[in-house]
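*Asks:* Let me begin by handing over the structure; questions about it come next.
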Amino acid sequence: MPMQKRFAAELIGTFWLVFGGCGSAVLAAAFPNVGIGLLGVSLAFGLTVLTMAFAIGHISGCHLNPAVSVGLVVGGRFPANELPPYIIAQVIGGIAAAGCLYLIASGAEGFDLAAGFASNGYGEHSPGGYSMTAAIVAEVVLTMMFLFVIMGATDERAPAGFAPIAIGLCLTLIHLVGIPVTNLSVNPARSTGPAVFVGGWALTQLWLFWVFPIIGGALGGAIYKFVGSED
C-alpha cells in the first residue's frame with residue numbers, strides 16, 4: 001500500500017479516535033439527565049479503535065498512536081524508517097479532531113476551555129488529584145499492557161478476525177482504570193490535540209504524555225517479542 005494512502009488512513013483514524021473519545025468526554029459525559037459518565041467515555045474510546053481497526057487495519061495497520069507505532073517497531077512488527085510519517089499523520093489527525101470538537105463545543109452557552117477539554121494532566125489537573133509519580137506509573141503500565149494485547153491479538157497464531165474486538169475492549173478496560181488518574185492518555189497524539197487548544201498547564205504537562213506512553217509501548221512490544229517467540 002502506498003505511503004500516502006497509509007498516511008491518510010492514520011490521519012483519519014486518529015481523527016476518529018480523538019473526536020469520538022474526547023468528544024464523548026466533552027459533549028456527553030456530564031450532559032444533563034443522560035450523561036454517559038466514565039463508563040460511557042471508556043466505551044467510546046474502545047469503540048473508536050474497534051471500528052477503525054475494521055475500517056483501515058488492512059490499509060495502515062490502524063496504529064492511531066505514536067506509542068503503538070514505537071511499540072510495534074520494538075516488537076519487530078513495523079519498520080523504523082516508516083515511523084516519522086506515521087507519527088506526523090497521527091498528530092495532525094489528533095489536532096484536527098480537537099479543532100473540530102472545539103468548534104462544536106464552543107457553540108454551547110457557558111463553554112469554558114478552563115474545564116479541561118478532555119486534556120490529560122496530573123497533580124491539580126488530575127481528575128482524582130493523583131501525583132506525577134502515579135501518572136507516570138499508570139501511563140507506563142497501561143500502555144505496556146495495551147501493546148502486549150495488540151501484539152498478541154495480531155499474532156499470526158492468534159484466532160483470525162478477532163483482533164479489533166480484543167484491542168477495542170482492552171482500550172475500554174484501561175480507560176476504566178486510568179481516567180481518574182490522568183484522564184488517560186496512553187497516546188501522545190490524543191494528548192496533543194486537546195492540549196493545543198487548552199494551552200497553559202496542558203502544554204506544560206504534555207511532556208509526560210509523550211515520554212511515558214512511548215516508554216510503556218516500547219516495553220510492551222519488547223516483552224511480547226520475548227514471551228511470544230517460539231525460540
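Every number here is computed from the coordinates shown, using simple stated rules; none is lab data. The structure displayed is predicted, hence computed values, not measured ones. So basically every Cβ, Gly included, is an ideal-geometry build from the backbone, and we count neighbours across all protein chains shown.
*Asks:* Please check the chain for the longest run free of chymotrypsin sites (Phe, Trp or Tyr not before Pro) that are loop-located per DSSP (anything but H, G, I, E, B) and have at most 11 other Cβ atoms within 10 Å. The partial results should precede the final answer.
*Replies:* Values: sites that count: PHE162, TRP207.
In the chain, the maximal stretch lacking such sites is 1-161.
*Asks:* Using a simple charge model, +1 on the beta-carbon of Lys and Arg, -1 on the beta-carbon of Asp and Glu, nothing else, what dipole does the chain show about its Cα centre, in debye to the nearest 20?
*Replies:* Numbers: 6 positive and 10 negative charges, 47 e Å.
Rounded to the nearest 20 debye, it is 220 debye.
*Asks:* Return one number: the angle in degrees, 0 to 90 and rounded to the nearest 10, between the long axis of the Cα atoms of helix 3-23 and the longest principal axis of the Cα atoms of the chain.
*Replies:* Helix 3-23 sits at roughly 40 degrees to that axis.
*Asks:* Looking only at LEU11, LEU171, LEU83, which one moves most when the chain is put into a Gaussian network model with springs between Cα atoms under 10 Å?
*Replies:* Among LEU11, LEU171, LEU83, the largest GNM mean-square fluctuation belongs to LEU83.
*Asks:* If you place +1 on the Cβ of every Lys and Arg, -1 on the Cβ of every Asp and Glu, and leave all else neutral, what size is the dipole of the range 121-231 about its Cα centre, to the nearest 20 Debye? Provide the component values of the computation, followed by the final result.
*Replies:* Details: 3 positive and 6 negative charges, 40 e Å.
Approximately 200 debye in magnitude.
*Asks:* Next question. In a GNM of the chain with a 10 Å cut-off on Cα contacts, which of PRO159, PRO84, PRO194 has the highest mean-square fluctuation?
*Replies:* PRO159
*Asks:* Binning every alpha carbon pair distance of the chain at 10 Å from zero, what are the percents per bin?
*Replies:* The calculated distribution, bin by bin, is 9, 35, 38, 15, 3, 0, 0.
*Asks:* Say we join alpha carbon atoms closer than 10 Å with springs in a Gaussian network model of the chain; which of PRO164, PRO188, PRO180 then has the biggest fluctuation?
*Replies:* In this elastic network of the chain, the residue with the biggest mean-square fluctuation among PRO164, PRO188, PRO180 is PRO180.
*Asks:* Would you mind finding the longest exposed-site-free stretch of the chain, with exposed GluC sites (Glu not before Pro) meaning DSSP loop and at most 13 other Cβ atoms within 10 Å? Display every interim value, and only then the final one.
*Replies:* Values: sites that count: GLU109, GLU156, GLU230.
Result for the longest clean stretch: 1-108.
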